[in-house]
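The values are calculated or read from the model by the stated rules, or taken from the named source; none is laboratory data. Source: prediction; values computed, not measured. Using ideal geometry, Cβ is built from the backbone for each residue, glycine included, and neighbour counts are taken over all protein chains shown. SASA here: full protein model, heavy atoms, side chains in, ligands and nucleic acids out. Shrake-Rupley method; radii C 1.70, N 1.55, O 1.52, S 1.80 Å.
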Amino acid sequence: MAEVSIRKAVKSYEAGVQAVKSIDLEIADREFVVLVVPSGCGKSTTLRMVAGLEDITGGEIWIGGDLVNDIPPRDRDIAMVFQNYALYPHMSVFDNMAFGLKLRRFPREEIRKRVDEAARILDITALLGRKPRALSGGQRQRVAMGRAIVRHPKVFLFDEPLSNLDAQLRVQMRTEIKKVHQSVRTTTVYVTHDQVEAMTLADRVVVMNQGRIEQVGPPQMLYHHPATRFVAGFIGSPAMNFLPCRLERMGACLGVRLSETVLLAVPASRTARYEPCLGRPMVLGLRPEHLTDPREPARPDAARLDVAVDVVEPMGMETLVHFVIGATPACARVDPATPAVPGGVLALHADMGQMHLIEDAAGSVV
Amino acid sequence: MEERRVAETLRAAGAVAASSAPWSRMSPRGGGLRRFARRRSSVAVLLCLPLLALIGGLVLYPALYAVWLAMLNKHMTRFVGLGNFLFLLHRPAFQAVILQSVIFAVSAVVFKALIGFLLAHLLHAVPGRSQRVWRGLLLLPWVIPLAMSTLGWWWLFDPSYSAFNWVLNVFGVPSVPGLGATWWARFSVILVNVWYGAPFFMIMYLAALKSVPEQLYEAAAIDGAGAWARLRYITLPMMRNILSITILFSLIVTFANFDIVRILTAGGPQDQTHIFATYAFVAGIQSGDIPLGAAISLFMLPILALGAVFVLRGITRRSAEQAG
């Protein structure tokens with residue numbers, strides 16, 4: 001077990017492309033950190049730099065108090081689970097899991113003990129004699145995890161391990177990974193483009209964009225207090241609504257002007273914070289779950305908003321209603337019993353206590 | 001109303017009805033033929049028939065004719081069964097040919113495999129554009145017509161004009177009898193065969209190396225494998241099928257080699273470099289004993305065929321293991 005420290009790490013390629021632009025990240029011992037970004041924003045490169053599979057152009061990477069910049073992967077005492085599992089097709093499940101231990105010349109009994117223990121944790125004991133081709137996607141994923149577990153490494157690295165699984169299996173394996181981390185408390189760095197995986201698994205989430213870290217924090221913090229428009233839009237599904245607006249005075253308080261006819265009152269507690277933004281072009285960020293059914297018990301900061309419904313998407317436990325405010329499309333998450341019909345008018349409550357005011361130009365949340 | 005429904009039902013089944021209409025007019029006795037023609041496998045056989053006829057005419061017939069010839073007497077007037085084979089086995093000259101063929105084929109294939117493997121690895125490490133250039137250059141020996149390049153080697157080994165000997169003499173080393181002494185002549189024909197065949201191994205291995213997923217090497221590197229362990233536990237097992245098929249193919253072709261020995265030594269000195277094909281040529285064509293020549297050329301067939309069966313079975317098994 002060990003802490004991981006990434007200090008001013010940079011990765012540039014020959015063509016002048018900078019995949020990772022000076023990132024700093026401290027990962028505590030036993031912590032589960034998830035790097036989440038849309039594809040092609042440097043998350044896998046960052047993970048591979050920690051693994052030693054990519055040379056680092058600048059900065060430092062420390063694992064367990066050791067500077068590992070020039071140490072090859074095999075001497076970093078890490079284990080990695082790949083997106084495509086990377087199981088050795090000519091070896092049995094047992095041999096796949098035992099390979100790293102055999103290379104490190106562990107005694108035969110110790111190898112057997114560790115493989116059996118990992119197989120028990122992952123419920124793959126019956127598969128130990130099979131070849132990878134005889135396994136399903138989920139089973140292969142378990143074997144790949146088993147190969148990592150048996151080594152008792154300082155750090156687990158997961159590179160989008162669930163991307164190749166179908167939706168149902170992905171949810172199941174997500175729970176399995178969490179369970180494994182709860183029983184084997186090893187420092188884990190997990191990379192994904194799926195924000196649901198990030199939210200459900202992580203102790204802390206790292207949101208990256210264009211090779212830079214946008215925000216680091218516990219999942220709930222990122223959800224409720226995003227630092228930038230990028231984080232606000234990336235965390236949460238369906239994504240947050242971004243509505244161009246302007247702040248106006250409404251007596252002693254402030255109001256958000258969305259269109260000629262729509263003016264929503266800002267909670268009094270935020271007046272002082274938002275006052276400097278008066279008159280400037282801003283963006284109102286409001287999640288679909290905070291544009292709710294008016295029949296629910298009204299919240300103190302709720303403001304009425306009448307919308308013309310475009311599309312209704314019943315999801316079973318909830319219904320998504322799509323509409324346009326001004327010229328901007330938006331979405332609300334309402335009770336399935338809400339009588340929303342395409343073309344009709346629906347009265348919604350905007351929970352302004354959950355609003356985010358975003359600088360239009362800079363993209364930072366006020 | 002009822003009629004219209006029936007008509008619609010029939011229209012829905014129109015494609016089947018239309019396609020089967022011509023057959024339906026045939027007599028009941030044509031049923032078997034109809035079934036034969038409508039089976040997909042029958043159509044496949046019919047479409048492949050021209051190719052099968054070509055292979056039969058150009059491969060199967062000559063092969064069977066050679067077997068038949070090998071069982072006739074010298075004047076091809078009497079069936080002697082395995083007599084030619086037994087005669088050959090008791091003949092010291094032919095026993096020497098067996099030994100020489102085995103030395104020639106096995107050592108040439110071993111060196112071709114080793115050099116090809118080494119070249120493929122070196123080439124695999126060369127980046128992009130340069131790799132294409134080097135690949136083209138290294139393939140040259142294999143694409144030049146063998147008879148022509150062997151003539152070039154013949155000049156290099158020539159006792160009077162040998163470039164090799166000239167270089168050796170410059171350094172004060174006495175000339176080497178490249179094609180004049182038994183073991184030097186054997187070495188020379190093997191050397192030329194290796195020079196010609198190693199690029200084939202190289203290109204096959206290179207293709208195999210490129211097909212090994214990079215992530216396996218990365219996983220192995222993280223598991224603790226160094227260069228040797230990666231070669232032993234990842235590269236070689238992943239390349240086993242290509243290795244087997246290339247070695248088998250090369251062994252068959254090298255056992256059947258004719259041009260190199262014929263041009264360089266013509267079997268000399270004193271028949272010490274003859275291999276099956278050149279000896280069969282001497283016995284069958286030059287000495288006019290065609291059945292004996294046929295028997296010599298067919299001598300290795302059962303052993304190579306048996307080897308091929310085992311190798312191909314192994315390949316099929318491993319392919320099934322690694323698929324999916």
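What are the residue pairs meeting all of these: first residue in region A:318-335, first residue open to solvent by less than 60 Å² (accessible area, probe 1.4 Å), second residue in a strand (DSSP E or B) and among the hydroxyl-bearing types (Ser, Thr, Tyr), Cβ atoms under 6 Å, and 6 or more apart or on different chains?
Between residues of region A:318-335 that are open to solvent by less than 60 Å² (accessible area, probe 1.4 Å) and residues that are in a strand (DSSP E or B) and among the hydroxyl-bearing types (Ser, Thr, Tyr), the close pairs are A:Val334/A:Thr319.
So which of B:Leu119, B:Leu99 ends up being part of a helix (DSSP H, G or I), open to solvent by 100 Å² or more (accessible area, probe 1.4 Å) and of a type in the set (A, V, I, L, M)?
Values: B:Leu119 fails: open to solvent by 100 Å² or more (accessible area, probe 1.4 Å).
B:Leu99 is the lone residue from the list that is part of a helix (DSSP H, G or I), open to solvent by 100 Å² or more (accessible area, probe 1.4 Å) and of a type in the set (A, V, I, L, M).
Quick one: count up the residues across region B:205-236 that are within 30 Å of A:Lys154 (Cα to Cα) and either part of a helix (DSSP H, G or I) or touching a helix residue (DSSP H, G or I) at 6+ places or on another chain (Cβ under 6 Å) (or both).
Residues that pass the stated criteria total 22.
Each row is one residue, and each column tells you yes or no for (1) within 13 Å of chain B (Cβ to nearest Cβ); (2) closer than 25 Å to A:Gln215 by Cα; (3) open to solvent by 20 Å² or more (accessible area, probe 1.4 Å).
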position: A:Val10; (1), (2), (3): no, yes, yes
position: A:Gln18; (1), (2), (3): no, yes, yes
position: A:Ser22; (1), (2), (3): no, yes, yes
position: A:Glu26; (1), (2), (3): no, yes, yes
position: A:Arg30; (1), (2), (3): no, yes, yes
position: A:Val34; (1), (2), (3): no, yes, no
position: A:Pro38; (1), (2), (3): no, yes, yes
position: A:Ser44; (1), (2), (3): yes, yes, yes
position: A:Leu101; (1), (2), (3): yes, no, no
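Pull out all pairs, ordered by first then second residue, where Cβ-Cβ is under 9 Å, the residues are six or more apart or on different chains, the first lies in region A:342-366 and is of a type in the set (Ser, Thr, Tyr), and the second is surrounded by 16 or more Cβ atoms within 10 Å (Cβ to Cβ).
A:Ser364/A:Ala227; A:Ser364/A:Thr228; A:Ser364/A:Arg229; A:Ser364/A:Ile358
So that you can scan it fast, the table gives a plain yes or no per residue for (1) modelled with pLDDT under 90; (2) in a loop (DSSP other than H, G, I, E, B); (3) closer than 25 Å to B:Ala225 by Cβ:
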position: A:Lys21; (1), (2), (3): yes, no, no
position: A:Glu26; (1), (2), (3): no, no, no
position: A:Cys41; (1), (2), (3): yes, yes, no
position: A:Thr46; (1), (2), (3): yes, no, yes
position: A:Asn69; (1), (2), (3): no, yes, yes
position: A:Ala79; (1), (2), (3): no, no, yes
position: A:His90; (1), (2), (3): no, yes, yes
position: A:Met97; (1), (2), (3): no, no, yes
position: A:Phe106; (1), (2), (3): no, yes, yes
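Cβ-Cβ distance below 8 Å, separation of 6 or more or different chains: which pairs start in region A:251-279 with a residue that is touching a residue at least 60 places away in the same chain (Cβ under 8 Å) and end on one that is open to solvent by less than 30 Å² (accessible area, probe 1.4 Å) and assigned to a helix (DSSP H, G or I)?
A:Val256/A:Met352; A:Leu264/A:Met352; A:Ala265/A:Met352; A:Val266/A:Tyr274; A:Val266/A:Met352; A:Pro267/A:Met352; A:Pro267/A:Gly353
Just one of B:Gly314, B:Gly284 is open to solvent by less than 30 Å² (accessible area, probe 1.4 Å) and within 30 Å of B:Gly178 (Cβ to Cβ); which is it?
Numbers: B:Gly314 fails: within 30 Å of B:Gly178 (Cβ to Cβ).
Just one listed residue meets the conditions, B:Gly284.
Considering A:Ala86, A:Ala148, which residue is within 13 Å of chain B (Cβ to nearest Cβ) and in a helix (DSSP H, G or I)? Walk me through how you get there before you give the answer.
Numbers: A:Ala86 fails: in a helix (DSSP H, G or I).
It is A:Ala148.
Select from region B:237-248 the residues that are open to solvent by 30 Å² or more (accessible area, probe 1.4 Å) and either among the β-branched types (Val, Ile, Thr) or farther than 16 Å from B:Thr316 by Cβ (or both) and write down the one among them that is farthest from the other protein chains (Cβ to nearest Cβ).
B:Ile247
Whether any residue in region B:225-236 is open to solvent by 10 Å² or more (accessible area, probe 1.4 Å), touching a Ser or Thr at 6+ places or on another chain (Cβ under 9 Å) and not hydroxyl-bearing (Ser, Thr, Tyr) is what I want to check.
Filtering region B:225-236 down to residues open to solvent by 10 Å² or more (accessible area, probe 1.4 Å) leaves B:226-233, B:236.
Retained after the next criterion (residues that are touching a Ser or Thr at 6+ places or on another chain (Cβ under 9 Å)): none.
Looking for residues that are open to solvent by 10 Å² or more (accessible area, probe 1.4 Å), touching a Ser or Thr at 6+ places or on another chain (Cβ under 9 Å) and not hydroxyl-bearing (Ser, Thr, Tyr), one finds none in region B:225-236, hence no.
For the subset of region A:284-302 comprising residues that are crowded, with 20+ Cβ neighbours inside 10 Å and of a type in the set (A, V, I, L, M, F, W, C), which member is farthest from A:Ala361 (Cα to Cα)? Don't jump to the end; show me each part of the working.
If we filter region A:284-302 for residues that are crowded, with 20+ Cβ neighbours inside 10 Å, which is where we start, we get A:284-288, A:290-293, A:301-302.
Now narrow it down to the ones that are of a type in the set (A, V, I, L, M, F, W, C): A:284, A:286, A:291, A:302.
On the way: A:Leu284: 13, A:Leu286: 18, A:Leu291: 25, A:Ala302: 28 Å.
Looking at residues that are crowded, with 20+ Cβ neighbours inside 10 Å and of a type in the set (A, V, I, L, M, F, W, C), I get A:Ala302.
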